[in-house]
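Working notes, structure below.
The values are calculated or read from the model by the stated rules, or taken from the named source; none is laboratory data. From a predicted model like this one, the values you see are computed outputs, not experimental measurements. A quick note on method: Cβ atoms are made from the backbone with ideal geometry, for glycine too, and the neighbour counts reach across all protein chains shown.
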Amino acid sequence: MRTLRTTALSAVAAAALVASALAGSTSPAVAAPSPDLSLTHVTAHLQQLQSIATANGGNRATGRPGYRASLDWVKAKLDAAGYTTQVQSFSTSSGTSYNLVADWPGGDAEHVVMTGAHLDSVAAGPGINDNGTGSAAVLEAALAWAASGNTPRNHLRFAWWGAEEQGLLGSNRYMSTLPTADKDRIDLYMNYDMVGSPNPGYFVYDDNPAGNGARDAMTAYYTSKGIPWEYIDVQGRSDHASFRSYGIPTTGMYSGGEVIKTSAQAQKWGGTAGTAFDPCYHRSCDTMSNINTTALDRNIDMIGHMVWLYADKDFGTTLPPTTPPAGANLLANAGFESGAASWTGTTGAITSNTGRPARTGSWKAWLGGNGATSTESVAQSVTIPAAATAASLSYWIRTDTAESGSTAYDTLKVQVVSGTTTTTLKTFSNVGTSATYAQFSHSLLAYRGKTVTVKFLMTEDSSLQTSFVVDDTSVTSS
């Protein structure tokens, strides 16, 4: 993966879902139960990539012999399994690089499901986690499908990209040269970049939530297995971005890179707080010893599940929306740890600036504190389920001010916007501030069956500052 500042994430679903339910009752059953992909086989693939790197200067980087040797080896495995393979060459500043694309015969050519990973490492090391794990997992999913005897409804295509580490050059080249009619045939692209980090997390791309339900199918799979997950906005930092830029639905999974695991994440996932998810990210120590086999085993089975599920997805059917599980947070990026992802409003209001503390994590919405006439806001739309018997908005807030006296010069209004009607649920001001976080909740049951906008609106006057810091928001229903 290209260098990524991870800024997780959203709330984890509290109740289990079965992934098949996400497809809706009108979706056909998959051709076969989701596979248990072989960790032994994937480990063998990784050992082969390690051997290739060792024999070729210690890396598999674009323009280096280790990259072409890796591609030739993967291609030979796919050819032997019955895939139709194509190698696409292109020039980079480091020399010639290559994409490998493999198509499984059959399936509806008007509905293509693609699964991909970048095959190149950085020059500093063999790249076994980044991205040998994703490449090996996608390879094993392709080989397992070939051996399954299943006939897919949709056309399956797998890809291994070159020069991702130089700026997504391979996937960009593929998409820029693909005819428009062929782009339009791709219903989904799934990207797997680093899926076996040694101090792992389980991060699902918070991308295209309406994109054929794939993001939600992935989170439902993890939830059904009792594996906590978090959303992440990887933006343009991996190969899915080359597809997303053309309007193609995408999703993916990431187990973490150079960013430090928090105490809350270590409590949830195990591992070591205060240490990077992958301490060997882009380093020579990214070898076979830099893998967490439990995470790898879980993630390869998830990848197999997604391939099997979408091989038989009926893309011609508009499915009804799924009902969120009771207690699930309906807000995305509710703790602001993905920065401004999923929120609208004032640029810079959602921040990791250490001038005011977050309640948890590093990010929060810091409204005000300017000491000048200003108006700032953050907002997000949310749908309250029609069948809800209870629904509430909750949030934590701390305030501090340089104002004095009992006049409310600066205010923060917590609002719900429904159509043309704006309702203020609570108003905070510079009067009675508290630098200790406190939680507040308000019923939203009156809005069941409606899509409303939750909004935090700050107005500050021209004199002394008041800071309103909001964190750990939620909208839940039952």
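If Thr421 satisfies all but one of (1) closer than 23 Å to Ser342 by Cα; (2) in contact with a strand residue (DSSP E or B) (Cβ under 7 Å, 6 or more places away or on another chain); (3) modelled with pLDDT under 95, what's the number of the condition it fails? Just one mismatch for Thr421, condition (2).
Among the residues making up the stretch 276-318, those that are in the same structural domain as Gly106 (by TED's automatic domain parsing) and among the polar types (S, T, N, Q) are Ser284, Thr287, Ser289, Asn290, Asn292, Thr293, Thr294, Asn299. Of everything in the stretch 205-215 that is of a type outside the set (Ser, Thr, Tyr) and surrounded by 24 or more Cβ atoms within 10 Å (Cβ to Cβ), the residue that is modelled with the lowest pLDDT is Gly213.
In the stretch 89-106, the residues that are in contact (Cβ under 8 Å) with a residue 12 or more places away in the chain and on the phi < 0 side of the Ramachandran plot reach residues that are among the basic types (Lys, Arg) and part of a loop (DSSP other than H, G, I, E, B) with C-beta atoms within less than 9 angstrom, at least six apart or across chains, in these pairs: Ser94/Arg64.
Look at the stretch 129-147: where a residue is in a helix (DSSP H, G or I) and a partner is basic (Lys, Arg) and surrounded by fewer than 24 Cβ atoms within 10 Å (Cβ to Cβ), sitting 6+ places away or on another chain with Cβ atoms under 7 Å, you get Leu139/Lys77; Leu143/Lys77. Return a yes/no flag: does the stretch 243-265 have any residue that is modelled with pLDDT of 95 or more, more than 18 Å from the chain's Cα centre (by Cα) and not polar (S, T, N, Q). For the stretch 243-265, residues modelled with pLDDT of 95 or more, more than 18 Å from the chain's Cα centre (by Cα) and not polar (S, T, N, Q): absent. Inspect the stretch 219-228 for any residue being under 23 Å from Asp103 (Cα atoms) and surrounded by 22 or more Cβ atoms within 10 Å (Cβ to Cβ) and give the result as yes or no. No.
When you look at Asp301, is it more than 23 Å from Glu258 (Cβ to Cβ) and surrounded by fewer than 18 Cβ atoms within 10 Å (Cβ to Cβ), yes or no? Lay out the reasoning, then the answer.
Values: more than 23 Å from Glu258 (Cβ to Cβ): yes; surrounded by fewer than 18 Cβ atoms within 10 Å (Cβ to Cβ): no.
Judged against the criteria, Asp301 is not a match.
Restricting attention to the stretch 142-170, report how many residues are within 13 Å of Thr62 (Cβ to Cβ) and surrounded by 21 or more Cβ atoms within 10 Å (Cβ to Cβ).
Pass one, the stretch 142-170, residues within 13 Å of Thr62 (Cβ to Cβ): 160-170.
So of that shortlist, the ones also surrounded by 21 or more Cβ atoms within 10 Å (Cβ to Cβ) come out as 160-165, 168-170.
Within the stretch 142-170, residues that are within 13 Å of Thr62 (Cβ to Cβ) and surrounded by 21 or more Cβ atoms within 10 Å (Cβ to Cβ) number 9.
Take Glu460 and tell me if it is over 16 Å from Lys364 (Cβ atoms), crowded, with 17+ Cβ neighbours inside 10 Å and touching a Gly at 6+ places or on another chain (Cβ under 6 Å).
Working: over 16 Å from Lys364 (Cβ atoms): yes; crowded, with 17+ Cβ neighbours inside 10 Å: yes; touching a Gly at 6+ places or on another chain (Cβ under 6 Å): yes.
Criteria met by Glu460.
Taking the conditions (1) in contact with a Phe, Trp or Tyr (Cβ under 6 Å, 6 or more places away or on another chain); (2) at pLDDT below 95 in turn, Ala21 satisfies each one other than (1).
Residues in the stretch 363-373: is at least one loosely packed, with under 15 Cβ neighbours inside 10 Å and over 28 Å from Ser443 (Cα atoms)? Step through it out loud before you land on a result.
If we filter the stretch 363-373 for residues that are loosely packed, with under 15 Cβ neighbours inside 10 Å, which is where we start, we get 372-373.
Remaining after also requiring over 28 Å from Ser443 (Cα atoms): 372-373.
Yes, some residue in the stretch 363-373 is loosely packed, with under 15 Cβ neighbours inside 10 Å and over 28 Å from Ser443 (Cα atoms).
Is it the case that Ala136 is over 25 Å from Leu309 (Cβ atoms) and modelled with pLDDT of 95 or more? Explain how you work it out, then say what you get.
On the way: over 25 Å from Leu309 (Cβ atoms): no; modelled with pLDDT of 95 or more: yes.
Taking the combined requirement at face value, the residue does not satisfy it.
Look at (1) among the acidic types (Asp, Glu); (2) more than 28 Å from the chain's Cα centre (by Cα); (3) closer than 19 Å to Thr43 by Cβ and you find that Asp72 fails only one, number (3).
Applying the selection to the stretch 404-449, what residues are assigned to a loop (DSSP other than H, G, I, E, B) and surrounded by fewer than 15 Cβ atoms within 10 Å (Cβ to Cβ)?
The first filter runs over the stretch 404-449 and keeps only residues assigned to a loop (DSSP other than H, G, I, E, B), leaving 404-410, 419-420, 430-437, 444, 448-449.
Ser404, Gly405, Ser406, Thr407, Gly419, Thr420, Gly432, Ser434, Ala435, Thr436, Gly449 - these are the residues of the stretch 404-449 that are assigned to a loop (DSSP other than H, G, I, E, B) and surrounded by fewer than 15 Cβ atoms within 10 Å (Cβ to Cβ).
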